[in-house]
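Notes for the one structure printed next.
The values are calculated or read from the model by the stated rules, or taken from the named source; none is laboratory data. Since we're looking at a predicted model, the values are computed, not measured. Methodologically, a virtual Cβ is constructed for each residue, glycine included, from the backbone with ideal geometry; neighbour enumeration extends over all protein chains shown.
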Amino acid sequence: MDLGIALPILANIDVKDQLQIAIKAEELGFKSVWASDHIVIPKEWKGRFSDIFPDPFIILTAISQNTKKIKIGTSAIILPYRNPIIVAKMCSTLDHFCDGRLTCTVAPGWMKEEFDILNISYDGRIDKTVEYIKVLKSLWEDDPTDFKGNFYSFNDVSFQPKPIQKHLPVWMGGNHEKAIQRSIDYADGWQPIWFSSDELEIKMKYLKQYAEEKERNLDNFSISLRNRIRITQKSDKNSEHPPTALIGEKNEVYDKILSYRRLDIKEVVLDFITPDKEEIIETLEILGNELIPEL
């Protein structure tokens, strides 16, 4: 099992800080770095949600040019409010700059107010997400490309450059069983958030059962959990944070992370909840020097 990081999306962590954190993560042996996605924060969510969201494609391009081996990914692109043909072009170009290190995690989105501001219909976003994944894969893998869908159709289209990866992975974000179904039916992996190891084990049983029903081979299917982390000076037992979060004294956090190993998942992606850059760097150093060698 590997450890990755999600770029912090809290106030006081600016864009250049995010780049420095990604570079530090590679130096310390973390295997992946992920960029989140929202374009605007509606007033209804101000103060109740994260604060800063650089464009994921641009920040990942910057990271790709300042690192050599760490995997990079979106976590998760809200696919239905973007043109999938343009997304396909951005990802295929980025895959060249990062020498084939890209994973594209997508999700249908949940914040209706943001869809309204972007003048995009909230209804139908699930159907769009499914079709847009098919568009991405068609453009990346076929030449020339034909596609017929409810939202996009084209014939005999040339699309270059293709990604460096012959099969650029698309993962599905989301916690609901419907998201698990979409990941099995249309994607190459599943990236949920905020599950304890016990909760994830239950979800994985459902995933394996559904995959068996669909005769889907899971040998090349990835499961990557994203969860919140903060190392504190005292136990997290009376914290306002849910017990599923990776929060508490160092050994308590280690035990929570190590508990996922029995599930044989690909990685745990750490989502920092502190707005302090120095604390994030310190946490990276602790985990990189003490925990990653055990994994």
- prompt: Are any residues in segment 125-153 at pLDDT below 95 and either under 15 Å from Arg82 (Cβ atoms) or not charged (D, E, K, R) (or both), and if so, which ones?
  reply: Pro144, Thr145
field: Of all residues in segment 60-107 being outside any helix (DSSP H, G or I), in contact (Cβ under 8 Å) with a residue 40 or more places away in the chain and in contact with a helix residue (DSSP H, G or I) (Cβ under 6 Å, 6 or more places away or on another chain), the one that is surrounded by the most Cβ atoms within 10 Å (Cβ to Cβ)
entry: Val106
task: Could you tell me whether Lys46 is more than 23 Å from Pro163 (Cα to Cα) and either in contact with a Lys or Arg (Cβ under 7 Å, 6 or more places away or on another chain) or without any contact (Cβ under 8 Å) to a residue 40 or more places away in the chain (or both)?
output: yes
- request: Starting from residues that are in contact with a strand residue (DSSP E or B) (Cβ under 9 Å, 6 or more places away or on another chain), within 17 Å of Asn227 (Cβ to Cβ) and of a type outside the set (Gly, Ala, Ser), keep the ones in segment 181-202 and report whichever is surrounded by the most Cβ atoms within 10 Å (Cβ to Cβ).
  value: Gln191
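Residues checked against (1) among the polar types (S, T, N, Q); (2) in a helix (DSSP H, G or I):
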{"residue": "Asp255", "(1), (2)": "no, yes"}
{"residue": "Tyr260", "(1), (2)": "no, yes"}
{"residue": "Ile265", "(1), (2)": "no, no"}
{"residue": "Val269", "(1), (2)": "no, no"}
{"residue": "Thr274", "(1), (2)": "yes, no"}
{"residue": "Ile280", "(1), (2)": "no, yes"}
{"residue": "Gly288", "(1), (2)": "no, yes"}
{"residue": "Pro293", "(1), (2)": "no, yes"}
Tyr254 vs. criteria within 26 Å of Leu270 (Cβ to Cβ), under 23 Å from the mean Cα position of the chain (by Cα), loosely packed, with under 14 Cβ neighbours inside 10 Å and hydroxyl-bearing (Ser, Thr, Tyr): no
